[in-house]
Amino acid sequence: MPDLLLELFSEEIPARMQRRAAEDLKKLVTDALVERGFVYEGAKAFATPRRLALHVAGLPVKGQDVREERKGPRVGAPEAAVQGFLKGAGLTSLDQAKIESDPKKGEFYVAVIEKPGRTTQDVLAEIVPQIVKTFPWPKSMRWGAASKDPGSLRWVRPLQSIVCTFGPETEDPEVVHFEVDGIASGDVTHGHRFLSPGAFRVKRFDDYAPALERAKVVLDADRRKDIILHDARDLAFAQGLELVEDEGLLEEVAGLVEWPVVLMGSFDEAFLDIPPEVIRTTIRANQKCFVLRDPKTGKLANRFLLTSNLVAKDGGKTIVGGNERVVRARLSDAKFFWETDQRVKLEDRLDKLKSIVFHEKLGTQHERVERIAALARDLAPFVGADPELAERAARLAKADLVTEMVGEFPELQGLMGRYYATLQGENPSVAAAVEEHYKPLGPSDRVPTDPVSVAVALADKIDTLVGFWAIDEKPTGSKDPYALRRAALGVIRLVLENDIRLHLVQQVMKSRAFAAAEANEGVAADLLSFFADRLKVYLRDQGARHDLIDAVFALPGQDDLLMIVRRVEALGRFLDTEDGANLLAGYRRAANILRIEEKKDGRSYSEAPDLEIVNAQGQIEEKALAVVLHGARQEAAAAVENEDFEGAMRALSRLRQPVDAFFDKVTVNAEDSALRENRLRLLNAFREATRAVADFSRIEG
């Protein structure tokens, strides 16, 4: 089967865009082929700094022939109908149609339309230019003289050439001819900009990849990553050091080079007095270099590893020397920031927060700090923290935002605050909270456990959520510019992983953000619903059923996340038992009967059943149900009051046998209207008894 080779060669593509662009190219081309009826065996996309490439294997030479029968008007139909039929079917006269008979409708015309399958080359020549012209780059540009035309080609960087060949393995493939804004497709590509600058011809993917390798281009980004990682580890090991691995940096560096060469540089040991995170961030952000550590001490070494795109004649000495000069200058700046910042205490920086607007409707960072400090103090007793320490930590938590170091490296916020707080003699819990109040930043991030950190982290996230909810800046669809979903998930994880009892609605309504925005109870209820949605996502990832969360949240006053989860877990275990499954079936049967009868009668049966009627006229099964129901309701309610949800489930499980017996032996719709009404009241009492633990109507399956 023939293969397709497509390469789009350009100036350097930003590393952060390469992998997504390669996947977009594969999806766009293969989707377009499948839409036109062209199946294939496999496809793989590649990216280097100067090219996107795609290999599609096992394409047919041409599409399938199409034969279609199109039914027309009856024989003898008006001329206008006949002419419309001929035009739609592409016929010139009725002689080209055939006549078929139908016992009911009589004779009518039928056109047989046969269309030969299109060649794959023609289809590709149609598909590829359109994809190139509409490619979804996050950012793109026009260039050259054509850039004056708003409709001219846009690409991430100037597109220089297009390779597009197609053909079977046993023959020389042919160029798929088309043109995109003056760039004609061909079979000529280019190797490494410096190590192999000449152009060369390619045929199919099997010779394209090796030819690029000879031209000093490693096509596969994952292979470039593997080369860089192994060479870096080997160089570090040779010096008795250990590579500080960084997947994000490795991905970026692999997108900066086509022929990776790893080299080692060094810097003055005096810079090791700077916090190691600062050294790593400085070298990473400015030079895209890896740092090394001494495996014996775990401390950073005064060495770094850079990845060159050249095999230098001098073995890389000039390249290393240039990088060392830049690293030295950057570390000198960092050392200056580190020393300068220590001259001003964190609390003395708080006034500067008045000039930083957090949000135009939510005030400055200084106002926000005041809100967080008050809320952290209120939350402290719930998490076992000292209120004074929690308030102190909250007041200092944002102070490092106006330091020189964080101004240069915003990603160090919190961390630098912890260093400065420690240096100025703050309580260790306060210093820890200054860093940890941002956590957890994502589903895999660590959750703080120090009570002071937990109090400030909760206060920070609750203030954010309440504030943006109060001004109606909620997430919509995939858009969440203020990371509110992450903040809600952070609250959930902080509460659950630290076993914290906390009534969210109370804390929401007590927060200063709630009062400042003059929010109402509807805002609190809507925010609680948002927490419910986030909790579903979290628990579903943990293997829990979302319908059980709905069933528990449907009960009034459910805003204690820890108790909700424990109730959901107990409910899930109960429903997995035979008693639980049968009780749910009984509930549904009762609910269905009540729904039908309530609709028919235009009333509810919420009154308590009359036990005198049960005892005087009832069958033994309904008498048994009434007795067990009374005891089970009391026992379940008491168990829930004591937060013994397993006990509440056990109490309800006692209803299984009497409920089964009731439905087997008792006719609910008795001829005696009083008896019928009382039996419906009894079923309603059973339905309501289950609400001690959950709203069973929300349970699926």
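The values are calculated or read from the model by the stated rules, or taken from the named source; none is laboratory data. Being a predicted model, the structure only gives us computed values, none of them experimental. Glycine also receives a Cβ, built like all others from the backbone with ideal geometry; neighbour counts cover every protein chain displayed. Areas reflect the complete protein model, heavy atoms only, side chains present, ligands, DNA and RNA absent. Shrake-Rupley method; radii C 1.70, N 1.55, O 1.52, S 1.80 Å.
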query = How about the stretch 288-317: which of its residues are over 37 Å from the mean Cα position of the chain (by Cα), loosely packed, with under 14 Cβ neighbours inside 10 Å and farther than 22 Å from Ile227 by Cβ?
reply = Lys296, Thr297
message = Yes or no: the stretch 4-16 includes at least one residue that is in contact with a strand residue (DSSP E or B) (Cβ under 6 Å, 6 or more places away or on another chain), open to solvent by 10 Å² or more (accessible area, probe 1.4 Å) and either touching a residue at least 24 places away in the same chain (Cβ under 8 Å) or polar (S, T, N, Q) (or both).
response = no
inquiry  = Checking Val163 against (1) crowded, with 17+ Cβ neighbours inside 10 Å; (2) over 27 Å from Pro129 (Cα atoms); (3) within 37 Å of the chain's Cα centre (by Cα): exactly one of these is not met. Which one?
reply    = (2)
request  = Just one of (1) open to solvent by 40 Å² or more (accessible area, probe 1.4 Å); (2) assigned to a helix (DSSP H, G or I); (3) farther than 25 Å from Tyr419 by Cα trips up Arg280, so point out which.
outcome  = (3)
inquiry  = With free of Cβ contacts under 8 Å to residues at least 60 places away in the same chain, of a type in the set (D, E, K, R), in a helix (DSSP H, G or I) and closer than 22 Å to Glu688 by Cα as the only criterion, which of Lys536, Lys599 stands out?
reply    = Lys599
key: Contacts under 6 angstrom Cβ, first residue in the stretch 472-493 being closer than 15 Å to Leu441 by Cα, partner polar (S, T, N, Q) and open to solvent by 10 Å² or more (accessible area, probe 1.4 Å), 6 or more apart   = Ala487/Thr464
ask   = Out of curiosity, is Gly37 open to solvent by 50 Å² or more (accessible area, probe 1.4 Å) and of a type in the set (Gly, Ala, Ser)?
value = yes
request  = Please verify whether the stretch 114-133 includes one or more residues that are part of a strand (DSSP E or B) and farther than 30 Å from Val176 by Cα.
outcome  = no
query = Regarding Gly477, is this residue at positive phi, open to solvent by 30 Å² or more (accessible area, probe 1.4 Å) and not basic (Lys, Arg)?
reply = yes
query = Just a yes or no: is a residue in the stretch 654-665 open to solvent by less than 40 Å² (accessible area, probe 1.4 Å), more than 27 Å from Leu555 (Cα to Cα) and either over 52 Å from the mean Cα position of the chain (by Cα) or among the charged types (D, E, K, R) (or both)?
reply = no
query = Which residues, taken from the stretch 170-207, are within 14 Å of Ala53 (Cα to Cα), basic (Lys, Arg) and open to solvent by 90 Å² or more (accessible area, probe 1.4 Å)?
reply = Lys203
key: Residues located in the stretch 494-511, provided they are free of Cβ contacts under 8 Å to residues at least 60 places away in the same chain, open to solvent by 10 Å² or more (accessible area, probe 1.4 Å) and under 25 Å from the mean Cα position of the chain (by Cα)   = Glu497
inquiry  = So, in the stretch 155-179, exactly how many residues are at pLDDT below 95 and farther than 21 Å from Val34 by Cα?
reply    = 6
inquiry  = Checking the condition of a type in the set (Asp, Glu), at pLDDT below 90 and over 26 Å from Leu555 (Cβ atoms), which residue from Glu621, Glu677, Glu643, Glu671 passes?
reply    = Glu671
note = Checked pairs for the stretch 272-291, first on the phi > 0 side of the Ramachandran plot, second part of a helix (DSSP H, G or I), C-beta under 7 Å and 6 or more apart or across chains, list as Lys288/Leu249; Lys288/Glu252; Lys288/Val253
